[in-house]
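The values are calculated or read from the model by the stated rules, or taken from the named source; none is laboratory data. Keep in mind that what you see is a predicted model, and the values were worked out from it rather than measured. Positions of Cβ are generated from backbone atoms using ideal geometry, with glycine treated the same way; all protein chains shown enter the neighbour counts. Only protein heavy atoms, including side chains, enter the accessible area calculation; ligands, DNA and RNA are left aside. Shrake-Rupley method; radii C 1.70, N 1.55, O 1.52, S 1.80 Å.
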Amino acid sequence: MAFPTRLQQLLNEGRVKIGSGVKFEFGTGTYGFFSGKGTLVYNGLTYKGNSIIEIDEPAFALGTTANPLTMRLPARCDFGLTPDKLLLIEEEEYKGRPVTLYDFYFDPDNNAFLHAEATFYGYIDTIDHREENGDAWLEANIETEAIDNFREGYRYASHEDQQLVSAGDMFFEHAARLKNEFFNFEFSQK
């Protein structure tokens, strides 16, 4: 991947500014936030500056393991986020909707936006309403598509699926026709 020339120069110097961003693609609208002040327009979406969304560090790993992520949005009256306002999340269509995390790169000399790099893709599983010691917050549980590899009773690969992966491969042909077959074995001791 090629970064813009100015970004590559700043990376080599070790003095680029990096901010985090998140894009929520709800059924009722797309919303963007970033860890800065003011607004930032990227790919036609305006990201609003926000410093109160807490995002756990994604667990980056190879393989098929599901690596969930948790986000928190606390009620903060000084930001106009009362516990009653947090309840409005239930008016959004959020279940199973995409979430993308970004690293936004800025020039430290003039705060000019230089580049965005997507770092995590996931889907909202649940948003829980939490309250403890007088504090209230929303807690969003984000799953990757890898969760489907481990769900009980989830769809199994078929012969047709295998043809999409490798045309002519007959690995699942027998399994698709046979489904289940049971054998009774007896072992005799001598």
With all protein chains in place and a 1.4 Å probe, residue 16 shows an accessible area in Å² (nearest 10) of 30
Sequence order, segment 77-84: Karplus ³J(HN,Hα) from phi using 6.51 cos²θ - 1.76 cosθ + 1.60, θ = phi - 60°, Hz rounded, Gly and Pro as x, gives 4, 5, 9, x, 9, 7, x, 5
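As a quick test, which of the pairs 48/95; 37/85; 17/37 have an alpha carbon distance above 18 angstrom in this structure?
Working: 48/95 23 Å; 37/85 22 Å; 17/37 13 Å.
Too far apart for the 18 Å limit: 48/95; 37/85.
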Segment 1-44: relative contact order from alpha carbon pairs under 8 Å, six or more residues apart, as a whole percent, is 24
If the chain between residue 92 and residue 39 were fully extended at 0.36 nm per residue, the gain over the current Cα-Cα distance would be 16.8 nm
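With every protein chain present, what is the per residue accessible area of segment 1-141 (1.4 Å probe, Å²)?
60
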Two pseudo-spin positions, 7 Å from Cα along C-beta at residue 82 and at residue 48, lie apart in nanometres by 1.7
Each label sits 7 Å from Cα toward the beta-carbon; between residue 141 and residue 109 the label points are separated, in nm, by 4.9
